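Note sheet for the following structure.
Please treat every number below as a calculation from the coordinates, not as lab data. Here the structure is a predicted model, which is why all the values come from computation and not from measurement. Glycine also receives a Cβ, built like all others from the backbone with ideal geometry; neighbour counts cover every protein chain displayed.
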2 protein chains.
Amino acid sequence: MPNKKKEIRLSGSGGQGLVLAGIILAEAAVLYDGKNAVQTQSYGPEARGGASKSEVIISEEDIDYPKPENLDILLCLTQESYDEYHHDLKRGGVLIVDQDLVPDIFLRQHRTYRIPFTSIASDQVGKKFVANIVALGAIVAVTEVVSREAIVKAVMARVPKGTEQLNQRALDAGFDAADKAQAEEPTKEESPNGKNAGNHKT
Amino acid sequence: MPNKKKEIRLSGSGGQGLVLAGIILAEAAVLYDGKNAVQTQSYGPEARGGASKSEVIISEEDIDYPKPENLDILLCLTQESYDEYHHDLKRGGVLIVDQDLVPDIFLRQHRTYRIPFTSIASDQVGKKFVANIVALGAIVAVTEVVSREAIVKAVMARVPKGTEQLNQRALDAGFDAADKAQAEEPTKEESPNGKNAGNHKT
C-alpha cells in the first residue's frame, strides 16, 4: 500500500492493549519505514463503560487533519466495537475481527478476515495478554500498511524488557494466521459491479 | 481549572516517556475525573531525529477538533523542544521546564516553573526513568488540570506491575517540588498592564 494515506482504527475494550498497539503501529511507520503518522486516542463517555479505540493515520506526506473519517482498516476485538464502528469503514476497506469475540458480522462490502487472536495468544503463544500483538502482526501481514521489519523493530522497542521473545512469537503467530487466512480467501471484497456482494468465495 | 477546555503539550526527546505520560494524563481525566479527552502523538521527520511530543486536550464537553493550536500548558524536557514550541503557548499559559535540561528560557508572558525533574528522579526517587512521572505530578499540582486523586489512580493503572511504589514516590516528589516552586513564586505571570513583564518576583 505505498504512496497513499491510510486511516486505521483499532477498537475493542480497555485492557486489550489497543492504545499500545496503536503507538507501536505509528512508531513502526515513522521510525523504521520513514513515513509520517498521527496516533490518537479519543476518550468520551464510552471509555468509562470500558470501550477503547486507538486511531492511526499513516502517510508519506504531511498529515494535516488527524481525525480519521473514512477508515481503510478496522480492527474489532469486541462485538460492541464492531457494531459501533463498522459503518466508518470505507467501501473496499479491510475489516479484521477476533473470530471468537465478534460472532455477528456482515460479509458485505469489505475484505473481511476473521482470526481467533485471543485463542491464538492463549493457546499458541501462551499468554492471553499478547492478543494485541498477534492482531498487529495480522494487520501488517494483510494490509502491508507498514513493513514486517518495521513492526518487529517497533514492538521490540516498546514492550517491557524480558518479554521480547514472547512478543516475537506473538507477532509471528499473527503473520502466520493472516497468511493462512489470505491463502484461504474466506471472504471476498465486493466487486465493482456488486456481483460478489456478501458471498463467501469458498 | 474547571469548565474549560485545556490544551496540553508534553515535549522532549524519545525515551523520556512522554507518550506514556500523555496517555496517563488523558486517562486520569476520563476514567477518574469524568471529563473527555483526546490524546495525540504527531510524528513527523523530527521524530526520527529524536524529538517527541504528546498532546492532550481535556474538556468537560465534547472535543471536536483534536489539534491543539493555542496551548494552555507546555512541558519541555529538552532545550530543543522549548525552542521549537514555546511560541505555541498562549499568553498567560503555564510553562514547565526541566531546570537542568532547559537552561535558556525567556521569562516573559508565561507562568514559568523551572523544576529539576530528571535530577529529582535520579537523586530523590532513585530511578532517572521516572522523570516523566515526576513531571506529571508537577503539572497536576501547578495546573489542577486533573485531580491529584485521578492522576495517582491513572499512574497506578498504567505502570508495570511491581513498580507501583516507585511511581507513587515519583508522583509525590513531583507534587512536592511544584508546591515548593509555587510557594516561592520564582516567576510571575505578566500582568495585564505589562508592569511585571519578564521580572522575577523574588
*Residues of the stretch A:167-186 satisfying the condition of being within 23 Å of B:V19 (Cα to Cα) and touching a helix residue (DSSP H, G or I) at 6+ places or on another chain (Cβ under 6 Å)*: A:N167, A:L171
*Matching residues, the stretch B:51-75, being more than 10 Å from chain A (Cβ to nearest Cβ) and assigned to a loop (DSSP other than H, G, I, E, B)*: B:E60, B:E61, B:P68, B:E69, B:N70
*What number goes with the only condition from (1) within 10 Å of chain B (Cβ to nearest Cβ); (2) among the β-branched types (V, I, T); (3) farther than 18 Å from A:M156 by Cβ; (4) surrounded by 20 or more Cβ atoms within 10 Å (Cβ to Cβ) that A:I8 does not pass?*
(1)
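So that you can scan it fast, the table gives a plain yes or no per residue for (1) in a helix (DSSP H, G or I); (2) β-branched (V, I, T):
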site: B:D123; (1), (2): yes, no
site: B:V134; (1), (2): yes, yes
site: B:A138; (1), (2): yes, no
site: B:A141; (1), (2): yes, no
site: B:A154; (1), (2): yes, no
site: B:K161; (1), (2): no, no
site: B:Q165; (1), (2): yes, no
*asked:* The conditions are (1) closer than 30 Å to A:K161 by Cα; (2) surrounded by fewer than 16 Cβ atoms within 10 Å (Cβ to Cβ); (3) not polar (S, T, N, Q), and B:H87 fails exactly one of them. Which is it?
replied: (1)
_Sole residue being crowded, with 18+ Cβ neighbours inside 10 Å, of a type in the set (S, T, N, Q) and within 14 Å of chain A (Cβ to nearest Cβ), chosen from B:T40, B:T118, B:T112, B:T78_ = B:T40
*Any idea which of (1) in contact with a strand residue (DSSP E or B) (Cβ under 6 Å, 6 or more places away or on another chain); (2) free of Cβ contacts under 8 Å to residues at least 60 places away in the same chain is the one B:P103 doesn't satisfy?*
(1)
_Meets criteria (of a type in the set (A, V, I, L, M), over 17 Å from B:I151 (Cα atoms) and in a loop (DSSP other than H, G, I, E, B)) for B:L101_ = yes
